[in-house]
Amino acid sequence: MPFDISNPWFIVILLVTGASMFIGWRLKAVMREIGKIPTSSGMSGKEIAEAMLRHYNIHDVEVLPAKGFLTDHYNPTNKTIRLSEVIYGERSVAAAAVAAHECGHAVQHATKYPALGFRSSLVPVVNIGARFSQYLLYGGLILSGASMGAGSSDLGFGYYLLLAGVILLGASALFSLITLPVEFDASARALKWLDESGFVRGKEYQAAKKGLNWAAMTYVAAAIAALANLMYWAQYLLRAQARR
């Protein structure tokens, strides 16, 4: 990203970057904290996930271990729930909360939750953007700058590279925004089921809610960052368009 303090969105990006770092640090701290709280049910993350899937009559989703920390996810393509090592076999509030959250996504998939389907449809475009958007944006800046240096008012191909890059950033921002209801809904489903099933009780439930709330904040920060990045580059596009 070019360093342009005259662009007001640059300050927003700096602030969001700092907030994201704090949220990420706090989430890890909270997960480690509630990971020390045993559940009264005595069930592991894997057992919690399988129990929730059975409750919703979902029998075609497999619960598997994954390496790393906070690498838990649901894959709708092959219908697998991957739980990290500290979640899969542990018998803690953190394990119960995260396992139930990932099952929440499986329930969304099984019930054809619209936002999940829309987000999945954006994945191919977002993947293309992740690979090529920076090349398009910086290539557009270089070519349009060269045209200006040559005294031409026609930015030519550089303008269209910028436009393509901004469009891909727009798709990424839309993906981040639609992720918010998907993640909040999955957490709501998880907490509702954990409460009604009785697998977490009283203070355990509050601890689980705390963990999932901090996890949700990472997606809020990511959405704001994606929007700020889009607007930052859109400023360049508007400036280039004004010179045409």
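The values are calculated or read from the model by the stated rules, or taken from the named source; none is laboratory data. All values derive from a computational prediction rather than experimental measurement. Here Cβ is always computed from backbone atoms with ideal geometry, including for glycine, and neighbour counts include all displayed protein chains.
Looking only at region 172-220, residues that are without any contact (Cβ under 8 Å) to a residue 60 or more places away in the chain, closer than 16 Å to residue 114 by Cα and small (Gly, Ala, Ser) come to 1 in all. With respect to the conditions (1) in contact (Cβ under 8 Å) with a residue 40 or more places away in the chain; (2) polar (S, T, N, Q); (3) more than 22 Å from residue 228 (Cα to Cα), residue 78 lacks only one, and its number is (1). Do you know which residues across region 98-144 are within 19 Å of residue 236 (Cα to Cα) and among the hydroxyl-bearing types (Ser, Thr, Tyr)? Scanning region 98-144 gives 133, 135, 138, 144.
Would you confirm whether or not region 41-49 contains a residue that is within 29 Å of residue 227 (Cα to Cα), in contact with a strand residue (DSSP E or B) (Cβ under 7 Å, 6 or more places away or on another chain) and aliphatic (A, V, I, L, M)? Scanning region 41-49, I find no residue that is within 29 Å of residue 227 (Cα to Cα), in contact with a strand residue (DSSP E or B) (Cβ under 7 Å, 6 or more places away or on another chain) and aliphatic (A, V, I, L, M), so the answer is no. For the residues 88, 56, 74, 113, the requirement of being farther than 30 Å from residue 140 by Cα, hydroxyl-bearing (Ser, Thr, Tyr) and more than 22 Å from the chain's Cα centre (by Cα) singles out 56. Checking region 114-129 against the condition returns a match, with at least one residue being touching a Leu at 6+ places or on another chain (Cβ under 6 Å), surrounded by 14 or more Cβ atoms within 10 Å (Cβ to Cβ), in a helix (DSSP H, G or I) and not aromatic (Phe, Trp, Tyr).
Only one entry in 93, 30, 63 is at pLDDT 95 or above, within 20 Å of residue 221 (Cα to Cα) and buried (at least 16 other Cβ atoms within 10 Å of the Cβ), namely 30.
Among the residues of region 66-89, just one is of a type in the set (Asp, Glu) and surrounded by fewer than 22 Cβ atoms within 10 Å (Cβ to Cβ), namely 85. Of all residues in region 47-59, none are farther than 27 Å from residue 118 by Cβ, in a loop (DSSP other than H, G, I, E, B) and among the polar types (S, T, N, Q).
Being within 18 Å of residue 98 (Cβ to Cβ) and either assigned to a loop (DSSP other than H, G, I, E, B) or free of Cβ contacts under 8 Å to residues at least 12 places away in the same chain (or both) holds for only one residue in 68, 18, 24, and it is 68.
Scanning region 147-162 for residues being in a helix (DSSP H, G or I) and either at pLDDT below 65 or within 19 Å of residue 122 (Cβ to Cβ) (or both) gives a total of 3. Taking the residues in region 201-222 that are under 16 Å from residue 104 (Cα atoms) and of a type in the set (A, V, I, L, M, F, W, C) as candidates, determine which candidate is surrounded by the fewest Cβ atoms within 10 Å (Cβ to Cβ). By that ranking, first place goes to 216.
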